[in-house]
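Notes for the one structure printed next.
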Amino acid sequence: MNINTVKKAAGGLLKSIKMSLPLLVGVLLVIALINNAIRPEFYARVFTGRRLIDPIVGALIGSVAAGNPLTSYVIGGELLQQGVSLLAVVAFVLSWVTVGVIQLPAESIMLGKRFALIRNGTSFIFAIIIALLTVLTLEAL
């Protein structure tokens, strides 16, 4: 490998990071704002206990209030303690980590709009499917 190639690649990487950094900081600030504005008590009121509606609601809320896995586990535990169904909590946690409506603009710029939309849509659908399969599996045991 040529040293000039490495320098050129490093320069391109730095330019890319410099260009996307303001957008990434903005996304992180919006996520922090939403996570602090919406308390776990709100989630407990939103879930109705209906087996087909709760995973969709959980996935929708998790998609918007995206964050890191550790935070989702804490909120998921709080939701379970407040009587929210496991089905809704699993869909919520999965979409919290895998779907990112707030990060969509940044992801579209960095990876392409089509890819970002397909990845987020697929992750949303699979969050609901996996939640249903998880609860069915646990009930079978």
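Could you list, in sequence order, the residues of the stretch 8-47 that are modelled with pLDDT of 75 or more and among the hydroxyl-bearing types (Ser, Thr, Tyr)?
Ser16, Ser20
Using the structure shown, decide if Arg50 is of a type in the set (D, E, K, R), modelled with pLDDT under 90 and not in a helix (DSSP H, G or I).
yes
Take the residues in the stretch 58-99 that are assigned to a loop (DSSP other than H, G, I, E, B) and at pLDDT 85 or above, then tell me which one is surrounded by the fewest Cβ atoms within 10 Å (Cβ to Cβ).
Of everything passing the filter in the stretch 58-99, Ser85 is surrounded by the fewest Cβ atoms within 10 Å (Cβ to Cβ).
Yes or no: the stretch 111-119 includes at least one residue that is at pLDDT 80 or above and not in a helix (DSSP H, G or I).
Yes, some residue in the stretch 111-119 is at pLDDT 80 or above and not in a helix (DSSP H, G or I).
Right, Arg114: under 23 Å from Val135 (Cα atoms) and loosely packed, with under 13 Cβ neighbours inside 10 Å or not?
no
Based on this model, can you work out whether Ala59 counts as under 16 Å from the mean Cα position of the chain (by Cα), under 30 Å from Gly12 (Cβ atoms) and among the small types (Gly, Ala, Ser)?
Considered against the rule, which asks whether it is under 16 Å from the mean Cα position of the chain (by Cα), under 30 Å from Gly12 (Cβ atoms) and among the small types (Gly, Ala, Ser), Ala59 comes out as no.
The values are calculated or read from the model by the stated rules, or taken from the named source; none is laboratory data. Keep in mind that this is a model prediction, so the values were computed, not measured. Note: ideal-geometry Cβ built from the backbone for every residue, glycine included; neighbour counts use all protein chains shown.
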